[in-house]
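Working notes for the structure below.
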Amino acid sequence: MGLLNKLDNPYNAGGIVLGVAEDVLNWGRSKSDWYLQFGLACCAIEFMALNASHYDFMRFGCIPRTSPRQADFIIVSGTVTLKMAERIKRLYEQMAEPKYVISMGSCANCGGPYWEHGYHVLKGVDRVIPVDVYVPGCPPRPEAFFEGMMKLQEKIKMQAIFRKREKIAEEDAKNAAEGKIVVPGLVEVDNH
Amino acid sequence: MQANEIYEKLKAEYGDAIMELVSDEATEAWIRISPDKILEVCLGLRDDKGFKFDYLANLSGMDYKDSIGVVYHLYSVELKHRITLKAILDRENPTIHTVERVWKTANWHEREAFDMFGIIFENHPNLIRILSPYDWEGYPLRKDYVTPQEYNGFKVPY
Ligand code: SF4
């Protein structure tokens, strides 16, 4: 009896919410992303503004880290020179899975103003590491960066931890055809 | 001191090493000096009681298409006068003595000029590239520089 009452009244003291473990984990992950700072050029200046009290990036649960081993994602903000590209790659490889990349500004996206005559500039950081979110702008305003951050959170929330999403969708379709109810990501429940 | 006074005084002291004074350009007046006397002239400019050029504000390389140049911008904090020196070098073999022992500032400036223009500063304590990677090929600010297609496996053009 007591347990059912708690289910009916989930938000009062001692209430119980039923959820999918994957969603709970992803919710947690998406709200506490620690990032590796990688300020390279003028975009990094905008990024400092983003971190300061006026825009307050920390309200996203993002804490700056200076070690790749403690970071969930890396923000490449600025011009990636060929000399730096090797270092970025090495840092990215040192980060623990799961890891994400935000490319901030035109330079990191595609070479920016150096796309033609920049003999020393890598034309886009996606030539060395896989980028999850591109934030356009030269430099992007903090609001634009927040949009990018929210896109990354969306992506993290969608991620399959236990099974791949496509596989789940396939199985769901199959189960629906057979009339079975399945809680995704958890144990199969037989209807009978 | 005005530029022409500086020129006269230098000319009296070093003779042919001081080649010409150009003061009719929109920029600051400059003195062309012979590259093989650069160390003596710079030591004189720094230590002479009348000059006291204690500050090397800038040292940069230049590409004049048929030759390579080194430009020195000097300032005296005490006497508040300034002068620009230019040394014109052979394009095939741009070599000049370092002024690192005259003004320590010259150390990194000369490394930059070496990095970007390939000017060899003789007797420099550590003449290696400063901006480009150590294994970079060519001198990027030369007018005939061609952007490489590839560097260490990275594609360079867009
Ligand atoms: S995108 Fe613009 S602001 Fe950002 S690093 Fe490049 S040049 Fe600077």
Exercise. Would you pick out the residues in the stretch A:41-80 that are surrounded by 14 or more Cβ atoms within 10 Å (Cβ to Cβ) and among the acidic types (Asp, Glu)?
Worked result: A:Glu46, A:Asp72
Exercise. Restricting attention to the stretch A:104-115, does a residue exist that is part of a helix (DSSP H, G or I) and open to solvent by 60 Å² or more (accessible area, probe 1.4 Å)?
Worked result: yes
For this session: Exactly one condition in (1) within 24 Å of B:Pro133 (Cβ to Cβ); (2) within 12 Å of the ligand (Cβ to nearest atom) is not met by A:Ala144; state its number.
Result: (1)
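Report yes if some residue within the stretch A:112-119 is away from chain B (no Cβ under 14 Å) and not acidic (Asp, Glu); otherwise report no.
No, the conditions are met nowhere in the stretch A:112-119.
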For this session: Take the stretch B:15-67 and flag every residue that is touching a residue at least 40 places away in the same chain (Cβ under 8 Å), surrounded by 12 or more Cβ atoms within 10 Å (Cβ to Cβ) and more than 21 Å from B:Gln2 (Cβ to Cβ).
Result: B:Ser34, B:Pro35, B:Asp36, B:Ile38, B:Leu39, B:Leu43, B:Leu59, B:Ser60, B:Gly61, B:Met62, B:Asp63
Seminar exercise, completed: Of (1) within 14 Å of chain B (Cβ to nearest Cβ); (2) open to solvent by less than 10 Å² (accessible area, probe 1.4 Å); (3) away from the ligand (no atom under 14 Å from the Cβ), A:Lys89 fails just (2)
Exercise. Which of the residues that make up the stretch A:7-27 are assigned to a helix (DSSP H, G or I) and open to solvent by 90 Å² or more (accessible area, probe 1.4 Å)?
Worked result: A:Asp8, A:Trp27
Problem set entry | Residues of the stretch A:81-136 that turn out to be basic (Lys, Arg) and under 27 Å from A:Asn26 (Cβ atoms), as a count | 1
Exercise. Is there a residue being out of contact with any Lys or Arg (no Cβ under 7 Å at 6 or more places or on another chain), in contact (Cβ under 8 Å) with a residue 12 or more places away in the chain and within 14 Å of another protein chain (Cβ to nearest Cβ) anywhere in the stretch A:56-78?
Worked result: no
Exercise. Does the stretch A:92-103 hold any residues that are away from the ligand (no atom under 11 Å from the Cβ) and crowded, with 17+ Cβ neighbours inside 10 Å, and which are they?
Worked result: A:Tyr92, A:Met95, A:Lys99, A:Tyr100, A:Val101, A:Ile102
Exercise. Picking from A:Gly185, A:Gly137, which residue would you name as being surrounded by 12 or more Cβ atoms within 10 Å (Cβ to Cβ) and modelled with pLDDT of 90 or more?
Worked result: A:Gly137
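The values are calculated or read from the model by the stated rules, or taken from the named source; none is laboratory data. All of these numbers come straight from a predicted model, not from anything done at the bench. Because the Cβ atoms are built from the backbone with ideal geometry, glycine has one as well, and the counts that use them run over all protein chains shown. All accessible areas refer to the heavy atoms of the entire protein, side chains included, with ligands and DNA or RNA removed. Shrake-Rupley method; radii C 1.70, N 1.55, O 1.52, S 1.80 Å.
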